[in-house]
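Read the figures in this text as sums done on the coordinates, not as results from a lab. Because the structure is a prediction, the values reported are computed rather than measured. No Cβ is skipped: glycine too gets one built from the backbone with ideal geometry, and neighbour counts run over all protein chains shown.
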Amino acid sequence: MFSDFDFGVIWRALPYLFKEGMTFTLTLTAVATVGGVMLGTVIALLRLSSLPVLPKLAAGYVNVMRALPLVLVIFLFYFLMPYVGQWALRTSQPIQVGALSSTIITFTLFEAAYFAEIMRAGIQSIPHGQVAAGYAIGLTYRQVMSYVVLPQAFRNMLPVIFTQTIVLFQDTSLVYVLSITDFLGAASKVAQRDGRLTEMYLFAAAVYFLISFTASMLVKRLQARISIVR
Amino acid sequence: MAMISLRNVSKWYGPTFQVLKDCSVEVKKGEVVVVCGPSGSGKSTLIKTINALETIQGGEIVVDGIAVSAPKTNLPKLRARVGMVFQHFELFPHLRILENLCLGQEKVLGRSHEAAMVKAEALLDRVGLKAHAQKYPGQLSGGQQQRVAIARALVMDPICMLFDEPTSALDPEMITEVLDVMVELAREGMTMMVVTHEMGFARKVAHRVVFMDAGEIVEDAAKEDFFARPRSERARSFLSKILSH
């Protein structure tokens, strides 16, 4: 069955696939994870705060984002961002937002909703006595959060954060709808150019599997090592 | 002058359940006051109102001349001067012992890291745990953790110390090592308010014993009087129960 296949296509395309494609995929994954965790932590803190209105807004944001398909959000943001930019910067014309910056912003905002829920669970898992102990030595709310609660919450949630990152790594392939060359996009281009669809998609599947599976194995190991002894 | 003064303190949980009913008590400078009573009587809640970890709805609390529940009171500043030790230690599990002792000094008092370390090591030595400075709280026994917790409060140079059932979560063989540290502290003249059932400790160092039941302060008497001639029936029955064995 494989006798008709030309796996040499893959070999010749490797530099392009990895230098162009995979570099973009990994960059997007990393930026959206870091940005998403930071923004998500802020959203989680707002949601858990006793401020007026803001908890509801934060909850609304999370619920809306999690109720929409990612592809839809990618499209929507791509078309809306120029107008939002125009309104925000008060320019006369819709601003130019490239597909690249649009995806990075979209993924960060979208993932933030998921990371917000993870961080909220993490913050709520810290016993109230820890907060009381922080206050008792004179720390302010902000200090209790930054030195006592968040480091523990982040650490407890690290395996879940990484698991979400693995899902995100796979989801980055959706940028094909904006014709961006991520790893899958690059494979797809080569496949169509050389008429070698099966070889290229099989290879892409193998690479995604290898990376995701290895990463989730590492997360499992991390989980065993990281739990804080109380 | 009173170091800690509570006047007619009242607190409700929800609209109907009153945890603290008109509680008034004073602790003078250098005095050791033990608070005891059956569980659910409001002792822990009462002691936590003093550094505003619990809010109150009625009455007034004054610590070293500062009204605790006044809106303009700088609570972090006040709390930094009032040491507190919890039933479940509440050391920060992600920080080493020394880091636990330095956090408040550096972030609240603004001491340099070097000065904080010197102070932390001195206090750690005092509670007999210098060898454990680089360990994490989870690597220590309960009694050791509680001694570290006392040191964490003492590095802040508190004007008084609050203890909320400091030995209730400990195995029997570890109670003594914690009480020894507390007795020493009391003998040095530290102002202390201690919620505890350790009547041996009360007999040894307390000046006064406050007995609470159902959110009320039922008795507030000199130690000798409380143990020899408890005035109320409730205190008599409580004492007979915990001293019978």
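Points worth noting:
- A DSSP coil position with no more than 13 other Cβ atoms inside 10 Å describes the following GluC sites (Glu not before Pro) in region B:146-200: B:Glu188.
- Sequence-ordered 3J(HN,Hα) estimates for region B:221-227 from the Karplus curve with 6.51, -1.76 and 1.60 and θ = phi - 60° stand at 9, 4, 3, 4, 5, 4, 6 Hz, glycine and proline given as x.
- Within 10 Å of each Cβ in A:125-133, the average number of Cβ atoms from other chains: 5
- DSSP beta bridges in chain B [antiparallel fraction, %, rounded to 5]: 55
- 3J(HN,Hα) couplings calculated from phi for region B:32-40 with the Karplus curve 6.51 cos²θ - 1.76 cosθ + 1.60 (θ = phi - 60°) are, in sequence order, 10, 10, 9, 10, 9, x, x, 5, x Hz; Gly and Pro show x.
- For chain B, relative contact order (Cα pairs under 8 Å, six or more residues apart, normalised by length) works out to 27 percent.
- In region A:70-164, trypsin sites (Lys or Arg not before Pro) in a DSSP loop with at most 12 other beta-carbon atoms within 10 Å: A:Arg90
- FRET efficiency, B:Ser112 to A:Arg221 (Cβ-Cβ, R0 35 Å, nearest 0.05): 0.35
- Interchain or long-range residues, amide H under 5 Å from B:Glu216's placed H: B:Lys21
- In terms of its C-alpha gyration tensor, region A:1-131 comes out oblate, because a/c is 1.5 or above while a/b does not outweigh b/c.
- Measuring between alpha carbons in the structure, the pairs from A:Lys56/B:Lys135; B:Lys130/B:Lys223; B:Lys28/B:Lys204; A:Lys56/B:Lys107; B:Lys204/B:Lys241 lying more than 30 angstrom apart are A:Lys56/B:Lys135; B:Lys130/B:Lys223; A:Lys56/B:Lys107.
- Kirkwood hydrodynamic radius of chain B, Cα pairs, Å: 18.5
- Under 5 Å, built H, 5+ apart or other chain: amide partners of B:Met3: B:Val27, B:Lys28, B:Lys29
- Measuring r between the beta carbons of A:Phe209 and B:Lys135 and using R0 = 35 Å, the FRET efficiency lands at 0.25.
- Under 5 Å, built H, 5+ apart or other chain: amide partners of B:Met156: none
- Three-way shape call for chain A based on the alpha-carbon gyration tensor, with the a/c threshold at 1.5: oblate
- For the pair region A:122-165 and region B:47-95, the centres of their Cα atoms are 20 angstrom apart.
- Average beta carbon contacts from partner chains per residue of B:101-112, 10 Å cutoff: 3
- Cα centre as origin, Lys/Arg/Asp/Glu Cβ charges: chain B dipole, Debye: 320
- Only helical runs count toward this figure. For the protein assembly as shown, summing -39,500 (n - 2.57) over DSSP H runs of n ≥ 4 and dividing by all residues gives -18000 deg cm²/dmol at 222 nm.
- Each Lys and Arg adds +1 at its Cβ and each Asp and Glu adds -1 at its Cβ; summed about the Cα centre, region A:10-226 shows a dipole of about 320 debye.
- Note on the protein assembly as shown: antiparallel DSSP beta bridges, both residues inside, total approximately 55 percent of the bridges counted.
- Within region B:46-101, the trypsin sites (Lys or Arg not before Pro) that combine a DSSP coil assignment with at most 15 other C-beta atoms in a 10 angstrom radius are B:Lys72.
- Which of A:Tyr176, A:Thr165, A:Phe213, positive extreme of dipole for region A:112-215 (C-beta unit charges): A:Thr165
- Mean partner shielding of peptide B:88-96, defined as the number of other chain Cβ atoms within 10 Å of each residue Cβ, is 6.
- A:Val53 versus B:Ala214: modelled label distance in nm, points set 7 Å from Cα along the beta carbon direction: 4.8
- Taking a ≥ b ≥ c as the square roots of the eigenvalues of the alpha-carbon gyration tensor, the protein assembly as shown is classed prolate because a/c is 1.5 or more and a/b outweighs b/c.
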